[in-house]
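A.B. asks: Sharing a structure with you now.
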Amino acid sequence: MNNKKLIRFVESFLILPVAMSTSFVNISKVDQIAPAPQVVLSQQMNIEADGLLAFNQAMSQSAQSPNQEDKAKAIDSFFKEHNMPLEGTGLKMVQEAEKNNLDWRLLPAISVIESTGGRHACKKATHSFMGWGSCKINFKSDEEAIEIVAKNLGGNNPNTDQHYADKTTEQILKKYNSVIPTYVQKVTKVMNEIEENLPVIKTA
């Protein structure tokens, strides 16, 4: 082998490792910049799964919150169970409570304590089953009585808002009847009993 051939033979071994090294470096950089397709797909599926889980949780919480009909049924079921004349006014009580930012159980519970759910309504005033105005105020109907009492207890009547506006349920009851020391406890007890009549919500 002459000298020229020997030099070319040696150079071929020097160039090959350099080329291979460059190739490996490039592949490494490509892997860092562009993840494999299966990795991208897995990440996308995880994101979609998380979104679906959050949606299902939100729907579950919404389904577990009683609506107006559920609350009305709970009230009317309580009235019916105890043979009280106010059965059928549940939906109106719920609607007026929500309109005036009151606990949905408050109006029916007051009517139970004041008149046994309309059974012993005031005789001196018409449709006065919640004791409003010490039985001195007449109402045209049960619906009107519910509307007016709810409006007052919600602090939406300028003539009485100093007593009821921005008050908790307990504070409202203390103002509503300050004569009977256990009034708050009695009404609260009935409120809890009414809530027990809420329809059972089945979840998967």
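A.B. asks: Only one of these conditions is not met by ASN197: (1) within 18 Å of LYS73 (Cα to Cα); (2) modelled with pLDDT of 95 or more. Which number is it?
C.D. replies: Tallying (1) within 18 Å of LYS73 (Cα to Cα); (2) modelled with pLDDT of 95 or more, ASN197 fails exactly one: (2).
A.B. asks: Against the definition (in a loop (DSSP other than H, G, I, E, B), among the small types (Gly, Ala, Ser) and on the phi > 0 side of the Ramachandran plot), how does GLY155 come out, yes or no? Don't jump to the end; show me each part of the working.
C.D. replies: Values: in a loop (DSSP other than H, G, I, E, B): yes; among the small types (Gly, Ala, Ser): yes; on the phi > 0 side of the Ramachandran plot: yes.
Judged against the criteria, GLY155 is a match.
A.B. asks: In segment 136-148, which residue that is free of Cβ contacts under 8 Å to residues at least 40 places away in the same chain and buried (at least 16 other Cβ atoms within 10 Å of the Cβ) is farthest from ASN177 (Cα to Cα)?
C.D. replies: The first filter runs over segment 136-148 and keeps only residues free of Cβ contacts under 8 Å to residues at least 40 places away in the same chain, leaving 136-141, 144-145, 148.
Now narrow it down to the ones that are buried (at least 16 other Cβ atoms within 10 Å of the Cβ): 137, 139, 145, 148.
Working: ILE137: 16, PHE139: 20, ALA145: 18, ILE148: 17 Å.
Checked segment 136-148; the qualifying residue farthest from ASN177 (Cα to Cα) is PHE139.
A.B. asks: Any idea which residue in segment 72-125 is nearest to ASN177 (Cα to Cα), counting only those that are free of Cβ contacts under 8 Å to residues at least 24 places away in the same chain and part of a helix (DSSP H, G or I)?
C.D. replies: Within segment 72-125, the match that is nearest to ASN177 (Cα to Cα) is GLU114.
A.B. asks: Can I ask one more? Which numbered condition trips up LYS186, out of (1) touching a Lys or Arg at 6+ places or on another chain (Cβ under 9 Å); (2) of a type outside the set (S, T, N, Q); (3) not in a loop (DSSP other than H, G, I, E, B)?
C.D. replies: (1)
The values are calculated or read from the model by the stated rules, or taken from the named source; none is laboratory data. These numbers come from a predicted model, not from an experiment. Cβ sites come from the backbone with ideal geometry, for glycine too, and all protein chains shown count toward neighbours.
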